[in-house]
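A quick write-up on the structure given underneath.
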Amino acid sequence: MVRKLTTLNFNSFFAGIGGFDLAFENQGFEPSFQCELNTFCQEVLQKHWKNVPLHGDISNLDAMDIPKAAVWCGGFPCQDLSVARGSKGRQGLRGSNSGLFYPFFDLIASHTPDAVIIENVVGLLSSHNGQDFRIILEKLTSIGYAVAWRVVNSRFFGAPQSRPRVFICAFKGNPLKAFSTLFETELGVKPNNLRRAFLDVSECKKSKAKVAQVAYCLAATSGRHTGTDWSRTYVSYPDAVRRLTPSECEGIQGFPKDWTLLNNEKASDSDTERYHALGNAVSVPVVEWIARRLKKEIIERKEPVTSQDMVSCLLKSHASILQKHREQNHLNLVLDPTDKEHKLKWMSGGIAFDDKCIDFKATDYPERVIPSKLIDVIDKSTELNEKYFISSNAAEGILRRVRSQNRSLFGPLYDALVIMAQGKEAA
């Protein structure tokens, strides 16, 4: 049965462990419905939102079973879009995972909520020579939405990890609201010494743990260490090295401690599922930033403009960020997705409405950067479970791989790995 619409409620799809839900709720929105297939994630959602209706598979979700809501949000699966697939190639929207965009779109078309917020990997912009993203723009604009997008990095929004993601805001019939949700009117000051954040040392005086200022992007892995992965974030001690704990990963993504720890369950029993779910989650601080701006756009009256007037209006309201932009008709950009010579290269920010489209090189940071440090979410305990510490064999493996690829490591990490490897040789 369709429920009555309230001004600030939202439906969450591909909800995962509730990153969108927590962020929107923190900004005064009320959750009305959740859809998530993964059993572990379902249990996490039910832990925090016992009274919110929860559906499993979006493929068999009937539009009539979804309550009305002003906002829909979600990040359809990225596995078929991610450049991390390497030699396996990217299936894009043709894949069984990322292809779930299509049933999601059909549900959007049946309800046409005021706004839709979507998150995905940056690879969405280039998948199938840019054609997958063109399809998304074409689909959403065909049902009356103005569709803005922007690539942002979590490290500038209060989450201490480098996590670039593309966010899409589709606003029904109003390009000014869509654009203003993702873009401020003024450019911020570009942060400097970005690489230093991976090299500068922060130390916990109590435990002697040392980490960089910013973590590498969390990935949806089991958390196991094999000695082949040098590019993940480790916590270093004078003569030991460990991986991040699930609770620390929660902090990095902006969740409260033990958010994914289920009731009456030993932490060790769910570590793999927690690592995987957290690697797939959205960064809560980024979504909060967007939800705060979206709330303002929903509440404030802003007269819609036609697609013909969109560019001129945006050039007036956002002149500083649109100094250099490209105008095109995205409906005419149909290319062979397998043609290696002719590619559609989408820039990191833009908006499409009807047949009009502009894109430009957008900054991945807000006007005012929100600072954060990795050390602030690192466990200060001196008695952590030994399972989180890597073995001397793994230390040797990491060093061997780093040297063979002529890479460099975070200083304290390298020093600790060398001491561990030497200790093994001495033994």
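Being free of Cβ contacts under 8 Å to residues at least 24 places away in the same chain and assigned to a loop (DSSP other than H, G, I, E, B) is the filter; apply it to segment 406-426 and report the residue that is nearest to Val286 (Cα to Cα).
Among residues in segment 406-426 that are free of Cβ contacts under 8 Å to residues at least 24 places away in the same chain and assigned to a loop (DSSP other than H, G, I, E, B), the one nearest to Val286 (Cα to Cα) is Ser408.
Is it the case that segment 314-328 has a residue that's in contact (Cβ under 8 Å) with a residue 12 or more places away in the chain, out of contact with any Pro (no Cβ under 8 Å at 6 or more places or on another chain) and among the basic types (Lys, Arg)?
Within segment 314-328 (the criterion being in contact (Cβ under 8 Å) with a residue 12 or more places away in the chain, out of contact with any Pro (no Cβ under 8 Å at 6 or more places or on another chain) and among the basic types (Lys, Arg)), the answer is yes, since at least one residue qualifies.
State all residues of segment 45-70 that are of a type in the set (A, V, I, L, M) and out of contact with any helix residue (DSSP H, G or I) (no Cβ under 7 Å at 6 or more places or on another chain); if no residue qualifies, say none.
Within segment 45-70, Leu45, Val52, Met64, Ala69 meet the criteria.
Considering only residues that are in a loop (DSSP other than H, G, I, E, B) and touching a residue at least 24 places away in the same chain (Cβ under 8 Å), which ones fall in segment 198-213?
Those that are in a loop (DSSP other than H, G, I, E, B) and touching a residue at least 24 places away in the same chain (Cβ under 8 Å): Leu199, Val201, Cys204, Lys206, Ser207, Lys208, Ala209, Ala212, Gln213.
Can we say Ser372 is under 30 Å from Phe410 (Cα atoms) and either surrounded by fewer than 20 Cβ atoms within 10 Å (Cβ to Cβ) or not hydroxyl-bearing (Ser, Thr, Tyr) (or both)?
In short, no.
Can you find a residue that is within 24 Å of Phe157 (Cβ to Cβ) and in contact (Cβ under 8 Å) with a residue 24 or more places away in the chain anywhere in segment 329-346?
Yes, segment 329-346 contains a residue that is within 24 Å of Phe157 (Cβ to Cβ) and in contact (Cβ under 8 Å) with a residue 24 or more places away in the chain.
Restricting to segment 309-325, what's the tally of residues that are assigned to a loop (DSSP other than H, G, I, E, B) and basic (Lys, Arg)?
Summing the residues that are assigned to a loop (DSSP other than H, G, I, E, B) and basic (Lys, Arg) in segment 309-325 gives 1.
Out of all the residues in segment 132-152, which are under 23 Å from Tyr365 (Cα atoms) and either crowded, with 23+ Cβ neighbours inside 10 Å or among the hydrophobic types (A, V, I, L, M, F, W, C) (or both)?
If the condition is that a residue be under 23 Å from Tyr365 (Cα atoms) and either crowded, with 23+ Cβ neighbours inside 10 Å or among the hydrophobic types (A, V, I, L, M, F, W, C) (or both), then Phe133, Ala146, Val147, Ala148, Trp149, Val151, Val152 are the ones that fit.
Within segment 289-308, is even one residue in a loop (DSSP other than H, G, I, E, B) and among the hydrophobic types (A, V, I, L, M, F, W, C)?
yes
For the list (1) outside any loop (DSSP other than H, G, I, E, B); (2) under 23 Å from Val116 (Cα atoms), I need the number of the one condition that Tyr275 fails.
The number of the failed condition is (2).
Looking at segment 288-303, which of the residues that are among the aliphatic types (A, V, I, L, M) and more than 12 Å from Ile117 (Cα to Cα) is surrounded by the fewest Cβ atoms within 10 Å (Cβ to Cβ)?
It comes out as Ile299.
Among the candidates Val166, Val152, Val201, single out the residue that is in contact with a strand residue (DSSP E or B) (Cβ under 8 Å, 6 or more places away or on another chain) and outside the structural domain of Lys295 (by TED's automatic domain parsing).
Unique residue meeting the criteria: Val201.
Report, ordered by the first and then the second residue, all pairs with beta carbons closer than 6 Å, sequence separation of six or more or different chains, a first member in segment 280-304 that is over 15 Å from Gly254 (Cα atoms), and a second member that is part of a helix (DSSP H, G or I) and of a type in the set (Ser, Thr, Tyr).
Matching pairs, first to second residue: Arg293/Thr181; Leu294/Thr181; Glu297/Ser180; Glu297/Thr181.
Which of the residues that make up segment 221-246 are buried (at least 16 other Cβ atoms within 10 Å of the Cβ) and at pLDDT below 90?
Gly223, His225, Gly227, Asp229, Trp230, Arg232, listed by residue number.
Condition test on Asn120, is it closer than 24 Å to Gly279 by Cα and either assigned by TED's automatic domain parsing to the domain that holds Phe20 or in a helix (DSSP H, G or I) (or both)?
Taking the combined requirement at face value, the residue satisfies it.
Determine if segment 330-348 includes at least one residue that is of a type in the set (Ser, Thr, Tyr), exposed (fewer than 15 other Cβ atoms within 10 Å of the Cβ) and over 17 Å from Ala178 (Cα atoms).
yes
The values are calculated or read from the model by the stated rules, or taken from the named source; none is laboratory data. The structure presented is a predicted model; accordingly, all values stated were derived computationally and were not measured. Backbone-built Cβ (ideal geometry, glycine too); neighbour counts: all protein chains shown.
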